[in-house]
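The values are calculated or read from the model by the stated rules, or taken from the named source; none is laboratory data. Because the structure is a prediction, the values reported are computed rather than measured. In this analysis, Cβ positions are derived from the backbone assuming ideal geometry, glycine residues included, and neighbour counts consider all displayed protein chains.
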Amino acid sequence: MKLYNLTRFAAAIVVAIGTSIASVSFVAAQQQFISIGTGGVTGVYYPTGGAICRLVNKDRKEHGIRCSVESTGGSIYNINTIKGGELEFGVAQSDWQYHAYHGTSRFEDNQFEGLRAVFSVHPEPVTIVARRDAGINNITDIPGTRFNIGNDGSGTLGTWEVIEEAMGWSRDDLALAAKMKSAETGSALCDNKIDGYFWLVGHPSALTHETIASCDAVIVPAVAPEIDQLIAERPYYRNATIPGGMYPGNPDDIPTFGVGATFVTSADVPDEVVYLVAKAVLANLDDFRKLHPAFANLKAEEMVSDSLSAPLHPGAIKAYKELGLIE
């Protein structure tokens, strides 16, 4: 965490106007920068971080915390970077919050017991976008195609590896396993460089809309007995539906499954900082909902409990008790 030491400046003020050095040092100590790791700028994580920072920065003159957003590789990158102390907060899929805290899957040798939950945000359905002429009508049709599975460090790639194992696929079952960032996938699909891509994203999604509006593409279901078993076995997955009519040429509801987007931090981040960030959002939830369409149906009681596998940070607990959201 970046703290600005204004001791010399404070001392000068004391000499000039007789202000107590203790009080000036206190103000100086409160000048803090916090950073939120998000994802690609075309997804919902980046505006989620921006919305949180907007509410935090609104009162920065009172609490001295300045919040900034970083576009990153996504969930796994954010968690690892928080663990390394280079970020204070991050947005992450609920499955990767679970794996990081419990030391499973990609975190088997890199457990993050200091990971702490702050709140959950929007649902993130697995969203498969395919060229209409690619013959992909369901998740089961992906083998043999040119498919983007997500960039290294992303929750998307991590989830693809889970899907591969559940479906009994190998990487060789794809004609091309592309690892592009989400921002590159729409143009690659429309330029016929790939047949489809998938990611986990809140809806409506700008990239999804742009892809479908730019070329003949459709959203396809993720339905299979293996997916049903995956949902039954893993608490962080749930059935989901992408509403019909949300995107051009996709009039019917699309059944799929997914996770939740969550906002996380480290036990090393001071209680007061997490308290101020959590309260800035949950005490102003009506304002937060207006900052992105994916937030429209958020409920405070669900945000402080759903999809949270790591313990709540003590600073968040303090905020939620004050707001009457938990006992």
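Scanning the stretch 160-175 for residues being surrounded by 14 or more Cβ atoms within 10 Å (Cβ to Cβ) and touching an Asp or Glu at 6+ places or on another chain (Cβ under 9 Å) gives a total of 6.
Conditions (1) assigned by TED's automatic domain parsing to the domain that holds Val56; (2) under 27 Å from Ala300 (Cβ atoms); (3) part of a helix (DSSP H, G or I); (4) touching a residue at least 40 places away in the same chain (Cβ under 8 Å), marked per residue:
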| position | (1), (2), (3), (4) |
| --- | --- |
| Ile79 | yes, yes, yes, yes |
| Gly85 | yes, no, no, yes |
| Tyr101 | yes, yes, yes, yes |
| Asn110 | yes, no, no, no |
| Phe119 | yes, yes, no, yes |
| Thr140 | no, no, yes, yes |
| Gly150 | no, no, no, yes |
| Gly153 | no, no, no, yes |
| Glu165 | no, no, yes, no |
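Exactly one residue out of Val220, Val274 is assigned by TED's automatic domain parsing to the domain that holds His313, of a type outside the set (D, E, K, R) and either within 29 Å of Gly37 (Cβ to Cβ) or touching a residue at least 60 places away in the same chain (Cβ under 8 Å) (or both): that is Val274.
Looking at the stretch 296-327 only, could you name the residues that are within 14 Å of Gly260 (Cα to Cα) and buried (at least 22 other Cβ atoms within 10 Å of the Cβ)? Met303, Val304, Ser307, Leu308, Ala310, listed by residue number.
For the residues Ala130, Ala178, the requirement of being free of Cβ contacts under 8 Å to residues at least 40 places away in the same chain, crowded, with 17+ Cβ neighbours inside 10 Å and on the phi < 0 side of the Ramachandran plot singles out Ala178. Which residue pairs have Cβ atoms under 6 Å apart, sit 6 or more places apart or on different chains, and have a first residue in the stretch 234-250 that is free of Cβ contacts under 8 Å to residues at least 24 places away in the same chain and a second that is in a strand (DSSP E or B)? Listed by first residue and then by second, the contacts come to Asn239/Phe257.
Only a single item in (1) under 24 Å from His99 (Cβ atoms); (2) modelled with pLDDT of 95 or more; (3) within 24 Å of the chain's Cα centre (by Cα) is not met by Asp152, and it is number (2). Being in a loop (DSSP other than H, G, I, E, B), buried (at least 20 other Cβ atoms within 10 Å of the Cβ) and in contact with a Phe, Trp or Tyr (Cβ under 7 Å, 6 or more places away or on another chain) is the requirement here; does Gly43 meet it? For Gly43, the condition - in a loop (DSSP other than H, G, I, E, B), buried (at least 20 other Cβ atoms within 10 Å of the Cβ) and in contact with a Phe, Trp or Tyr (Cβ under 7 Å, 6 or more places away or on another chain) - is not met.
Hey, any hits in the stretch 68-75 for a residue that's more than 15 Å from the chain's Cα centre (by Cα) and within 14 Å of Ile52 (Cβ to Cβ)? Yes, there is a match, as at least one residue in the stretch 68-75 is more than 15 Å from the chain's Cα centre (by Cα) and within 14 Å of Ile52 (Cβ to Cβ).
Arg289 versus (1) free of Cβ contacts under 8 Å to residues at least 24 places away in the same chain; (2) in contact with a Lys or Arg (Cβ under 9 Å, 6 or more places away or on another chain): which is the lone unmet condition? Going through (1) free of Cβ contacts under 8 Å to residues at least 24 places away in the same chain; (2) in contact with a Lys or Arg (Cβ under 9 Å, 6 or more places away or on another chain) one by one, Arg289 breaks only (2).
Residue under question is Val264, and the condition is that it be part of a helix (DSSP H, G or I), in contact with a strand residue (DSSP E or B) (Cβ under 8 Å, 6 or more places away or on another chain), crowded, with 19+ Cβ neighbours inside 10 Å and modelled with pLDDT of 95 or more; does it hold? Judged against the criteria, Val264 is not a match. Selection of the stretch 207-225 for residues being under 29 Å from Gln97 (Cα atoms) and exposed (fewer than 15 other Cβ atoms within 10 Å of the Cβ) yields only Pro225.
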